[in-house]
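As structure tokens, the structure follows; a few thoughts come after it.
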Amino acid sequence: MASDTATGKPERAPRRSRRGWLPGSRLGQLIIALNLLGLAVLIAGALVLNELRRGLVNARIDSLTTQGELIATILDEYATAGDPAPMMNAALGSEMLQMLANPKTQRARLFDAKGRPVADSDWVADRVRLRMLPPAKRRGEPSGGFSLPQLRAGPNDAQARQELQAEVAHALAGQRWAGMRTGEDGKRVVSVSIPIQRVQAVLGVLTLEANDVDAIIARERAALIPFILIAIAVTLSSSLLLNRLIAQPVRRLSRAADSVRLSRARAISLPDLARRDDELGDLTRSLEDMTDALSQRMDAIERFAADVAHEIRNPLTSLRSAVETLDIVQDPVARERLLSILKNDVQRLDRLVTDISNASRLDAELSRDQPKRIDLERLIFDVAALYQATARPGEIAVRFEPPDLLAPPTVMGREGPLSQIFRNLIDNARSFSPPGGEVVVGLAKAKGLAIATVADSGPGIPPENLETVFERFYTSRPKGAAFGGNSGLGLSIARQIAQAHGGTIRAANRMTADGQIAGAMFIVTLPEAGA
């Protein structure tokens, strides 16, 4: 049972439009931005280092190509001859390669026209390839079958020889080759092979290779470490921030909801979260409003229960007193009067129970049916016609004055509760009308509102009670009215239904030309559908 007492509450400022540079909600924007930030750091680092690696390798290739072209030009000029047939002096080429090559940073090799090695800077520098020997065998233990050729050959020698032979063959075809391949020690090397030509004849191939590519890559990986650390720091920071901005507030909301559920509190109150201008702030404000409404509902139920107990106690007290007195009263007239009191109290109790049952079911009825467009003129006409059809001779007549409108007013609502508003108002007006009086129901439209009136010709309402009449169980009956015929809930129920439909009900007095009260009038205002 909802309270019919208006509770003042400060209005909120209108929410600002949430338009950002990212689509979606504010928290969604934050999550996307924080996650993309760490990813952007890694992507930027990978792109920068990839570009750096490509630049270093290309620079190494350009350097080797320049050196190779210089050495190849010198060899072509001094180590080759064209008479009687084009040929290369292998001994002279080896000596010149020894003078021109730089064995400290690179390896230079010279091949003849058949692809056979003629000179190698490693031979000149007397470089020795170190390999790990197999573990020593115990005395008397048979050998593992290792032969000297197997010890000399490494696991990558076959692949390295194949790639080198393919490179030399490409250069022997008269085309320069530059790129990366696998070295004999398994490392990647930058290699350039330049054909040595005499006129159009290819007399040999000069190959220059640098094996510091792995060192360059190692330096690149070392340079990637700061980006990785930054990405990790950004990810951790974003995780902690999301935990602080989302996880902890949600946990607080959960605990506050548990406190309400376990009856340790009547409402959720988290002002710091309610001030946030994001979805969690909206959720907090919604939960606060919901629990506040539930708290008001519980207070209203408690007040309603207290009022019901008070109203029922009066007829019960009267019943008990009459029953106790009935046994000791012998006068037939007195006994008849006591029996009449008993009947009136039973009737009053029945009326109270009926109205209390209707009031308690009102919220469920309002929430069960979906609002629909209702022709208010037709609805009031049907209600008035029902009273006219069931009226007995001498009862107060009910008359409906249809409006002179081009289009009847329509409202969005529920037909049953809306008709109950007018039934309660008409019943109240009939109870105050004098014999031979009339209840007049009118209808009008004004500024998007449908305005219905229910007027009687009774004594009117004291000015100080124009608002009090809508309180629960308030009754002020005229003299001669049937005792127990009214519970004081009709007007309260009518106002509650009107407020549920976005409307209002107020009471006023009809005045004559000389300023005298001609009766009471109840004015029902409902918003028109689509207005």
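Here, each number is a calculation from the coordinates, and none is a lab measurement. For clarity, every value in this text was computed on a predicted model and none was experimentally measured. As a convention, Cβ positions derive from the backbone with ideal geometry for all residues, glycine included, and neighbour counts pool all protein chains shown.
Quick notes
- Dipole magnitude for region 369-531: computed about the Cα centre from +1 point charges on Lys and Arg Cβ and -1 point charges on Asp and Glu Cβ, it is near 240 debye.
- Total formal charge among the other residues, if their Cβ is under 13 angstrom from that of residue 506, Lys/Arg +1 and Asp/Glu -1: 0
- Packing-based exposure ordering (other Cβ within 10 Å, fewest first) of 78, 387: 78, 387
- Rg over Rh [alpha-carbon atoms, Kirkwood Rh] for region 268-368: 1.36
- Percent RCO, i.e. relative contact order, over region 379-439, from Cα pairs under 8 Å lying at least 6 residues apart: 48
- The three principal axes of the C-alpha atoms in region 198-269 carry coordinate ranges of 102, 23, 15 Å, sorted with the longest axis first.
- Mean separation of Cα contacts under 8 Å, 6 or more apart, over the residue count of region 369-531: relative contact order %: 24
- Residue order, fewest to most beta carbons within 10 Å, for 395, 167, 464, 220: 464, 395, 220, 167
- By the Cα gyration tensor, region 158-281 has an equivalent ellipsoid whose semi-axes, rounded to whole angstrom, run 72, 13, 12 from largest to smallest.
- Put simply, the Cα atoms of region 369-531 extend 45, 35, 30 Å along their principal axes, the longest span coming first.
- Rounded to whole Å, the principal axis extents of the Cα atoms in region 253-302 read 36, 19, 13, largest first.
- Positive-pole candidate from 443, 463, 519, dipole of region 369-531, charges at beta carbon: 463
- With the charge dipole of region 268-368 set up from +1 on Lys and Arg Cβ and -1 on Asp and Glu Cβ about the Cα centre, the Cα lying farthest toward the positive end among the listed residues 293, 308, 318 is that of 318.
- For region 268-368: relative contact order, % (alpha-carbon pairs under 8 angstrom, 6 or more apart): 20
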